[in-house]
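Read the structure below first, then the notes.
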Amino acid sequence: MLAEPCPNCSSPLFRLRSGEVRCVNCDAVIRPVVDERKPGTIPSDMALQNLEKRVLELLSQYGKKLESADGDEAEKLLGQIEVCLSVLGKIRDLVKGPGTRGAP
């Protein structure tokens, strides 16, 4: 089992004897991305894109669950949605770069 989670579903990744890296949940084949500027790392813009994608997936999941939720469950889901929206805003601020924060 590898330290990094699957970028698609956040499940554990495993390296097979063949050297191929696969997700145990969605069976995706993962190819490592290496930033040539700093060996062994992924570019920050790609990391932010992956994080943004995951947050949007979570928002979609929470929205679907909210349709049939009531009471405490709905309140919990709304709290999770609020956190996701906050994180999404921070990601988008980072992508815009310095000097553009708060700009439409």
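For Asn8, no residue 5 or more places off, or on another chain, has a built amide H under 5 Å of its own. Between Ile81 and Phe14, the C-beta separation translates, for a Förster distance of 25 Å, into a calculated FRET efficiency of about 0.20. Here's how it looks for Ala28: its modeled amide H is under 5 Å from those of Cys23, which are all 5 or more places away or on a different chain.
Quick check: net charge around Glu52, other residues with Cβ under 15 Å of its Cβ, Lys/Arg +1 and Asp/Glu -1? Each step should come with its number before you reach the end.
Values: positive: Lys53, Arg54, Lys90, Arg92, Lys96; negative: Asp45, Glu57, Asp93.
That works out to +2.
By the rule of a C-alpha distance below 24 Å, with chain neighbours fewer than 8 residues away ignored, the lysines paired with Lys76 are Lys53, Lys64, Lys65, Lys90.
No value in this document is a laboratory result; all are computed from the given coordinates. Keep in mind it's a predicted model, so treat the numbers as computed, not measured. Every residue, glycine as well, gets a Cβ built from its backbone with ideal geometry; the counts of neighbours run over all protein chains shown.
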